[in-house]
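Asks: If you scroll down you'll find the structure; I have some questions about it.
The values are calculated or read from the model by the stated rules, or taken from the named source; none is laboratory data. Keep in mind the model is a prediction, meaning the values are calculated, not measured. Here the Cβ positions follow ideal geometry from the backbone for every residue, glycine too, while neighbour counts run over all protein chains shown. These accessible areas exclude ligands, DNA and RNA; they are computed on the full protein's heavy atoms, side chains included. Shrake-Rupley method; radii C 1.70, N 1.55, O 1.52, S 1.80 Å.
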Amino acid sequence: MKHRFFQIEITRRCNLNCLMCPSRLYASSSRKDMDFKVFLNIAEYFNRTELIHLQGWGEPLAHPEILEMIQIAKEHAVTGLTTNGTLLEKLSSALVELQLDYIAISVSGPETHREIRYGSNFRDIVKNIEVLNGVKREKGSDMPRVNLTFLMTKTNIHELLDVVELAGKLDAGLIATHLDYVFDEITDSLKIFDNPKEKIRFERVMNEAERKAEKYGVEFTHPPFDLMERAICDAHPDSAIVFSVEGEVFPCVYLNFPFDKIPRIFKGNKVLIGKPEFGNIVEKSLEDIWNSKYYKTFRERFEKRIEVTRSLRYILGFKPDFSKLKYPEVCRGCYKLYGI
């Protein structure tokens, strides 16, 4: 089968210390790069996906063999990555030459960027994107396509309008995202969804951002502010595959952590989920991992929920309650399942 995408965590190292990133909890021993041999093991299966995303919980441009990895991935599928942008300037020419398909660059806002993304400077990131755009013009290339990603928090939502305008100036798309992995009191206090008291204010900002995006010709996407349980989340855990630095296989990046227990806070309640073990690509073939009883049972939970949404009663608006069908236990307390 063709998997929807491969997401490969080529490094768990990062040169920043962002307020909302779970890497704040990592032991120093877990901050490491993927061995190139592990990457080559994964590459044997690149013909089974149409998209390869080189990023996990680290800074992909920090991997010493990132360019070789991009070159190999590009031979098989659409290839892109998400970056904090700090290392972009020195690699811009190579990324254009390799024809990386897309690059998503994380920004916060002119005022809050430094305090949210410790170790980063907003103006430097903008300058680095301008360098990339200059190289693209010089070489007559449209690639990589640039998107800005703006993670919305209570402290920076007011700067979304500035970032829309910036995206227009940089000829970039804009993807606004929620702080969807809530793992401690800090991240719980920063999230803006499921917040009835301030929902009207947030929606006003979003409505204005949509108008501004249309004015500047910016392709702009954003998630809803309300929780609504889905049959399956948009991480596509029934068809996508995530590979950790060590080669562990997961159906979702929100299960890929170097912890024995995955911490979550859901609606104010602390949740601890035992880290699942689906298999390691160094030890087993992808077929054996994908077809294991454990992985099949995981997918079947979602398949039954999805089947309800295909029924005639559901299509006619009677809305049978798929939520009565249990989702996988490892997804308990994850906001992604609620449309965030």
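Asks: For residues that are surrounded by 18 or more Cβ atoms within 10 Å (Cβ to Cβ) and aromatic (Phe, Trp, Tyr), scanning just segment 27-45, find the one that is nearest to the chain's Cα centre (by Cα).
Replies: Selected residue: Phe39.
Asks: Could you check segment 215-253 and list, in sequence order, the residues that are under 20 Å from Leu179 (Cβ atoms), out of contact with any Lys or Arg (no Cβ under 6 Å at 6 or more places or on another chain) and either open to solvent by 30 Å² or more (accessible area, probe 1.4 Å) or of a type in the set (A, V, I, L, M) (or both)?
Replies: Answer for segment 215-253, where residues must be under 20 Å from Leu179 (Cβ atoms), out of contact with any Lys or Arg (no Cβ under 6 Å at 6 or more places or on another chain) and either open to solvent by 30 Å² or more (accessible area, probe 1.4 Å) or of a type in the set (A, V, I, L, M) (or both): Phe220, Thr221, His222, Pro224, Asp226, Leu227, Met228, Glu229, Arg230, Asp234, Val242, Val253.
Asks: Moving to a separate point now. From the list Asn47, Asn41, exactly one residue is in contact with a Gly (Cβ under 8 Å, 6 or more places away or on another chain), part of a helix (DSSP H, G or I) and modelled with pLDDT of 95 or more. Which is it? Don't jump to the end; show me each part of the working.
Replies: Working: Asn47 fails: in contact with a Gly (Cβ under 8 Å, 6 or more places away or on another chain).
Criteria check complete, one pass: Asn41.
Asks: If a residue counts only when it is more than 18 Å from the chain's Cα centre (by Cα) and buried (at least 20 other Cβ atoms within 10 Å of the Cβ), which helices (runs of 4 or more DSSP H) contained entirely in segment 80-139 have at least 3 such residues?
Replies: Numbers: elements: 88-97, 113-116, 122-139.
Ranges flagged: 88-97, 122-139.
Asks: Among the candidates Glu229, Glu287, Glu277, single out the residue that is under 27 Å from Lys304 (Cα atoms) and modelled with pLDDT under 95.
Replies: On the way: Glu287 fails: modelled with pLDDT under 95; Glu277 fails: modelled with pLDDT under 95.
So the residue among Glu229, Glu287, Glu277 that is under 27 Å from Lys304 (Cα atoms) and modelled with pLDDT under 95 is Glu229.
Asks: Let me ask you something else. Within segment 278-322, which residues are within 25 Å of the chain's Cα centre (by Cα) and farther than 30 Å from Ile10 by Cβ?
Replies: Matches in segment 278-322: Glu300, Glu303, Arg305, Ile306.
Asks: A follow-up question, please. Out of the residues in segment 140-155 that are more than 15 Å from Leu174 (Cα to Cα) and in contact with a helix residue (DSSP H, G or I) (Cβ under 9 Å, 6 or more places away or on another chain), which is surrounded by the fewest Cβ atoms within 10 Å (Cβ to Cβ)?
Replies: In the first step, residues of segment 140-155 are kept if they are more than 15 Å from Leu174 (Cα to Cα); the result is 140-143, 153-155.
Retained after the next criterion (residues that are in contact with a helix residue (DSSP H, G or I) (Cβ under 9 Å, 6 or more places away or on another chain)): 141-143, 153-155.
Values: Ser141: 13, Asp142: 10, Met143: 16, Thr153: 21, Lys154: 14, Thr155: 17.
My answer is Asp142.
Asks: May I pose another question? What single numbered condition from (1) farther than 18 Å from Ser244 by Cβ; (2) among the aliphatic types (A, V, I, L, M); (3) surrounded by fewer than 21 Cβ atoms within 10 Å (Cβ to Cβ) fails to hold for Ala62?
Replies: With (1) farther than 18 Å from Ser244 by Cβ; (2) among the aliphatic types (A, V, I, L, M); (3) surrounded by fewer than 21 Cβ atoms within 10 Å (Cβ to Cβ) applied to Ala62, the lone miss is (1).
Asks: Restricting attention to segment 173-193, and to residues there that are open to solvent by 10 Å² or more (accessible area, probe 1.4 Å) and either assigned to a loop (DSSP other than H, G, I, E, B) or modelled with pLDDT under 95 (or both), which single residue is farthest from Leu227 (Cα to Cα)?
Replies: Asp184
Asks: Can you tell me which residue is most open to solvent (accessible area, probe 1.4 Å) among those in segment 263-274 that are touching a residue at least 40 places away in the same chain (Cβ under 8 Å) and assigned to a strand (DSSP E or B)?
Replies: Per the criteria, the residue is Asn269.
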